[in-house]
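**Q** Dropping the structure in here first, questions after.
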Amino acid sequence: MTRLLVVNGCSFARGAELARPERESWPAVLAAELGIDVVNLACDGGSNRRAVRTTVQHLAAIRAAHRLEYDQILFLGMWTALSRNEYYDSGIEDGPVRPDLGVRPALPEELHWQRVADWKAAEGDKPSKAYLRHLFSTTGETVNFFVDWLLLEHHLAGRGVPSRFAFAWEILPDPIPAEAVPLMRALRADLVFGQLPPRPQDTFREMVFGRVPFGDWDHPLREGHRHFADAMRTWLTTDERLCFPLADRLHR
């Protein structure tokens, strides 16, 4: 029986621009509908590498704090832009609050991890500009993304943690680079919301775009999160491998 939902991702998973993300974000709504607790590790402006790192780093502590077995935890990852990355700098703290990008989770040493992204490059961040100019390539980051995903999936399975995955928006190139195709095929598509690679209508942003209000920084607001949470609930509760406290009630 699943007792805890652990979510990771970027601002689309944290609930940026919501008045009360701890109640209105899709992870919070989904957990409430399933009758379980939730821990949201998502970070506004965060990368897929950060989501993998923080999940592996903190899952054991989360399990111990909630006094659960690993198989009572469901991990749900929401993937974000391939152009993002991170690096560690013990001498710099990347602030926890920004007017445009919301907050970062209160995790040990988290503020020393510097976010690398196009939005930081646009602000003049030199490491982000150098990364995007000299190190980033669509093929390379697609390969790296699938490698990280595959390693995370196997790490969780080895501890008995069920995992599921979704996409914030259409992050993958079309077509998938040939170098990345074998890695994508090594992933379990049955653990992905929709299909792999995802159709636009199966990604959070495209599912609700034009149908519900968005904030000034292009994040779905309360109605969008509710819609996505309902879609995720239907998907999860019809999976016979998973069991939730409110599953019987949901099907009545």
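The values are calculated or read from the model by the stated rules, or taken from the named source; none is laboratory data. In this text, all values refer to a predicted model and were calculated from it rather than measured experimentally. Quick reminder, even Gly has a Cβ in these numbers, built from the backbone with ideal geometry, and neighbours come from all protein chains shown. SASA here: full protein model, heavy atoms, side chains in, ligands and nucleic acids out. Shrake-Rupley method; radii C 1.70, N 1.55, O 1.52, S 1.80 Å.
**Q** What net charge do the residues around PHE165 carry, taking every other residue with its C-beta under 10 Å from that of PHE165, with Lys and Arg at +1 and Asp and Glu at -1?
**A** It works out to a net charge of +1.
**Q** Taking all protein chains in place and a 1.4 Å probe, what share, in percent, of the accessible surface of region 111-167 do carbon and sulfur account for?
**A** Carbon and sulfur together cover 57 percent of it.
**Q** If r is the Cβ-Cβ distance from SER90 to THR138 and R0 is 22 Å, what FRET efficiency results, to the nearest 0.05?
**A** 0.10
**Q** Could you tell me how many degrees, from 0 to 90 and to the nearest 10, lie between the Cα long axis of helix 222-237 and the main elongation axis, the longest principal axis, of the Cα atoms of the chain?
**A** Long axis of 222-237 versus the principal axis of the chain: about 60 degrees.
**Q** A further question follows. Cα centroids of region 132-205 and region 1-59: how far apart, whole angstrom?
**A** 18
**Q** Something else about it: If you roll a 1.4 Å probe over region 175-252 with all protein chains in place, what percent of the accessible area is carbon or sulfur?
**A** Ligands and nucleic acids excluded, carbon and sulfur give 49 percent.
**Q** For a quick size check, give me the Cα extents of region 1-88 along its three principal axes, largest first, whole Å.
**A** 37, 29, 17
**Q** Right, next: Mind checking the per residue accessible area of the chain for me, 1.4 Å probe, whole number of Å²?
**A** Per residue, the chain has an accessible area of 47 Å².
**Q** List the GluC sites (Glu not before Pro) within region 110-219 that DSSP assigns to loop and that have no more than 15 neighbouring Cβ atoms inside 10 Å.
**A** GLU123, GLU170
**Q** Sticking with this structure for a sec: Would you mind computing the Rg to Rh ratio of the chain from its alpha-carbon coordinates, Kirkwood style for Rh?
**A** Across the chain, the Cα-based Rg/Rh ratio is 0.94.
**Q** Round to a whole number: what % of the accessible area of region 1-107 belongs to carbon and sulfur, probe 1.4 Å?
**A** Solvent-exposed carbon and sulfur of region 1-107 make up 50 percent of the total.
**Q** Which of rounded, prolate, oblate describes region 146-252, given a ≥ b ≥ c as roots of the alpha-carbon gyration tensor eigenvalues and a/c under 1.5 marking rounded, otherwise prolate only if a/b is larger than b/c?
**A** Since a/c reaches 1.5 but b/c is at least a/b, the shape of region 146-252 is classed as oblate.
**Q** Now a separate question. Relative contact order for the chain using alpha-carbon pairs under 8 Å, separation at least 6, rounded to a whole percent?
**A** Across the chain, relative contact order equals 25 percent.
**Q** Given contacts defined as C-alpha pairs under 8 Å and at least six residues apart, what's the relative contact order of region 166-252, whole-number percent?
**A** Dividing the mean separation by the residue count of region 166-252 yields 23 percent.
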